[in-house]
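Okay, so here's the structure we're looking at.
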């Protein structure tokens, strides 16, 4: 007997909870700041806290950079503003909710 999702009540193979969570995300804000030793880092804010670790891992892999997820923010080493919107859209976030500054 297949497993059933507790949140939506559908079979795990057909469950769309993760996709719906990404679509309901609030505004995602992407910007750069100068950190220690005047190095640029890219900050991503607005990702849901329960998805933040997985999203950070996927972003670091897709952008080939280091980084971390702390305090509701994803901090990535380097300037990745130009690529960030397309990478987040490929991950399932809506382009209307992503604001690159």
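Each value in this text was obtained by applying a stated rule to the coordinates, not by laboratory testing. The structure displayed is predicted, hence computed values, not measured ones.
Couple of notes before you dig in:
- 0 to 90° range, to nearest 10: angle between helix 52-63 axis and the chain longest Cα axis: 60 degrees
- Region 69-101-region 1-15 distance, computed between alpha-carbon centres (Å): 30 Å
- Nearest 10 degrees, 0 to 90: helix 81-90 Cα axis against the chain principal axis: 10 degrees
- Once C-alpha pairs closer than 8 Å and six or more residues apart are averaged by separation and normalised to the residue number of the chain, the relative contact order reads 28 percent.
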